[in-house]
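What follows is a short report on a single structure.
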Amino acid sequence: MVEKLQTRCVIVGGGPAGMMAGYLLARAGVSVAVLEKHADFNRDFRGDTIHPSTLELMNELGLLDEFLKQPHQEVRELRAVVNGQVVPVADFTKLPTRCKFIAFMPQWDFLNFLSSHAKKFPSFQLHMETEVFDLLIEDKCVIGVRGKTPRGELDVHADLVIGADGRHSIVQSRAGFQRREFGVPIDVLWMRISKEQGDPEQSFGFFQHGKLLVLLDRGDYWQCGFVIPKGGFDEIKARGLPDFQNEIVSFAGFLRDRVTELDDWSKIKLLTVQINRLRDWCRDGLLCIGDSAHAMSPAGGVGINLAIQDAVAAANLLADKLRTGPASVDDLRKVQARREWPTRLIQGLQVFIHHRVVTGRPSARGSSLPFVLRLLKWFPILRQLPARFIGLGPRPEHFRSPSSI
Ligand SMILES: Cc1cc2nc3c(=O)[nH]c(=O)nc-3n(C[C@H](O)[C@H](O)[C@H](O)COP(=O)(O)OP(=O)(O)OC[C@H]3O[C@@H](n4cnc5c(N)ncnc54)[C@H](O)[C@@H]3O)c2cc1C
């Protein structure tokens, strides 16, 4: 027996893109079901950055004060330590937003917050432990999805399917969309090391002769990202844990007394980094947004923000139509048209950062600072540019979708 469900819009994936799109469409009175394959939002390594533009959206929704009561850290300035020299690279304090900081909040708290508010709308449904494995297609038009749940199979029929199922999207592959891959020369090792009194207060990126260690302040521990050449993890393992621990300490000496917490390779997760983009984000009855339309690298920590901006644009452009009937493929193309150039711009910069900054050759002058970083060090006003790009991104979205409440 296949269980059946009918809704106006079904969203595959309860990540930042899917939950925000679900929240906004339900708020506009559109009947919407979000299908998430996991039983909860407790997954690691998803990135924890809530940017000033997303905080501004929370403010516009009237949710900001409650949102900021969730445990989080506020970062007003990003600093890099390049060959031992500290360089402030982005100053968020002058942004034209209510929150002039990046909030570091575990993604599961962010998603739980959004879903708890979405559930207040009668037209919202969230189905956890529901993994979509196929599209339902009739006369070349996507009319729904088929998923499996602990109770058996579920068919959800809808006027619109939104694929928000991330970088390994089943929706985009079943839809037969063409994807352009941009070579990425790096992977990331992701691990935790405890934080102690006397540690630096800020989140940091330590660059050293073409290598990079990122430390994100998560209150009582550091979330550490160590950038390695793509496919290089086996070689690192072959050299042994003590060698790896020493390498971490060579970047951040204050971790010397704790680095042995990494006493088993199971505590070090390999994250494969991808950058790609669909040629078409939509077809009749189907739209992809977020990483499903364009997988993002962690460089700049902007993927979550971009996924949320896609969701806002989709709700702005489609909510009115979906309240009364289906959206045409031309309506769906408007979402791609609006979000594609910001995506291209950011991905272009991520490719540049991978090739020139992260895996670039060590400077000919050994420990000297690259010219751009020297400019940032000498002229504080210039730090507002990276802050705008990271904190707001190109073409920040604002709510225009109607509210039914
Ligand atoms: C190592 C690493 C670190 C990163 N760090 C940051 C960072 O600090 N800041 C930042 O902004 N970005 C970061 N990113 C990028 C960021 O994680 C993504 O750009 C962002 O999560 C995209 O959001 P999304 O909602 O589109 O997809 P996702 O966050 O991937 O969410 C997709 C959701 O769909 C669900 N799903 C998948 N398949 C199915 C299915 N078949 N059926 C039902 N549900 C399904 C998944 O369980 C998931 O909940 C990082 C990326 C990597 C690889």
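We did not get these values from a lab; they are worked out from the coordinates using the rules stated. The model shown is predicted, which means the values in this text are computed figures rather than measured ones. Quick reminder, even Gly has a Cβ in these numbers, built from the backbone with ideal geometry, and neighbours come from all protein chains shown.
Count the net charge of all other residues whose Cβ sits under 13 Å from the Cβ of Ala327, scoring Lys and Arg as +1 and Asp and Glu as -1. The answer is +1. Shown here: region 6-93, whose C-alpha atoms stretch 59, 28, 20 Å along the first, second and third principal axes, sorted largest to smallest. When the alpha carbon coordinates of region 98-192 are projected onto the principal axes, the ranges are 48, 42, 31 Å, largest first.
A simple spin-label model places pseudo-atoms 7 Å from Cα toward Cβ; at Leu349 and Phe233 they are separated by 2.8 nm. Positive end of the dipole of the chain (Cβ unit charges, origin at the Cα centre): among Leu55, Leu349, Ile170, the Cα lying farthest that way belongs to Leu349. Its residue count N sets the reference 2.2 N^0.38 Å, and the alpha-carbon radius of gyration of region 159-235 equals 1.58 times that reference. Per-residue 3J(HN,Hα) values for region 255-264, derived from phi via the Karplus relation 6.51 cos²θ - 1.76 cosθ + 1.60 with θ = phi - 60°, read 8, 3, 6, 10, 5, 6, 4, 7, 9, 8 Hz in sequence order (x marks Gly and Pro). Charged neighbours of Ala164, selected by a Cβ distance under 11 Å, balance to -4 (K, R count +1; D, E count -1).
Do the alpha carbons of any pairs in Lys37/Lys69; Lys37/Lys269; Lys100/Lys211 sit beyond 23 Å of each other, and which pairs? Long pairs (Cα-Cα over 23 Å): Lys37/Lys69; Lys100/Lys211. Karplus-based coupling profile of region 232-237, in residue order and whole Hz: x, 5, 4, 5, 5, 5, with θ = phi - 60° in 6.51 cos²θ - 1.76 cosθ + 1.60 and x standing for Gly or Pro. Here the label points at Trp378 and Asp330, each 7 Å from Cα along the C-beta direction, are separated by 5.5 nm in the simple model.
Scanning residues 5 or more positions from Ala28 or on other chains, those with amide H under 5 Å from its amide H are Ser404, with H placed 1.01 Å from N in the peptide plane. Taking amide H positions as modeled 1.01 Å from N, with prolines and chain starts lacking one, the residues under 5 Å from Leu136 and 5 or more places away or on another chain are Ile143, Gly144, Val145, Arg146. Based on alpha-carbon atoms, the Kirkwood radius and the radius of gyration of region 147-195 give Rg/Rh equal to 1.15.
Extension gain for Ser116-Val2 works out to 38.2 nm (0.36 nm per residue, less the C-alpha to C-alpha distance). Kirkwood radius, region 3-162, all distinct C-alpha pairs, inverse of mean reciprocal distance: 17.5 Å. Considering all C-alpha pairs of region 255-396, those separated by over 23 Å amount to 54%. Shown here for region 68-166: trypsin sites (Lys or Arg not before Pro) in loop regions (DSSP other than H, G, I, E, B) with at most 16 other Cβ atoms within 10 Å, namely Lys69, Arg76, Arg98, Lys119, Lys120, Lys140, Arg151. The radius of gyration of the Cα set in the chain, together with its Dmax, comes out at 21.7, 69 angstrom. Looking at the chain, the DSSP beta bridges with both ends there are about 70 percent antiparallel.
Computed over the Cα atoms of region 283-336, the ratio of the radius of gyration to the Kirkwood radius (Rg/Rh) comes to 1.04. Taking every alpha-carbon pair within region 205-293, the share separated by more than 20 Å comes to 48 percent.
Sparsely packed loop sites in region 33-86 (the chymotrypsin sites (Phe, Trp or Tyr not before Pro) outside DSSP H, G, I, E and B with at most 15 other Cβ atoms within 10 Å) comprise Phe45.
Region 130-150 and region 1-63 have Cα centres lying 18 Å from one another.
Of the trypsin sites (Lys or Arg not before Pro) found in region 175-267, those that fall in a DSSP loop while having at most 16 other beta-carbon atoms within 10 Å are Lys230, Arg256.
Close amide-amide hydrogen proximity is noted between Ala90 and Leu78, each under 5 Å apart and 5 or more residues distant or on a separate chain (H modeled in the peptide plane; Pro and chain starts excluded). If the chain linking Glu138 and Ser266 were pulled fully straight, counting 0.36 nm for each residue of separation and taking away their Cα-Cα distance, it would gain 41.5 nm.
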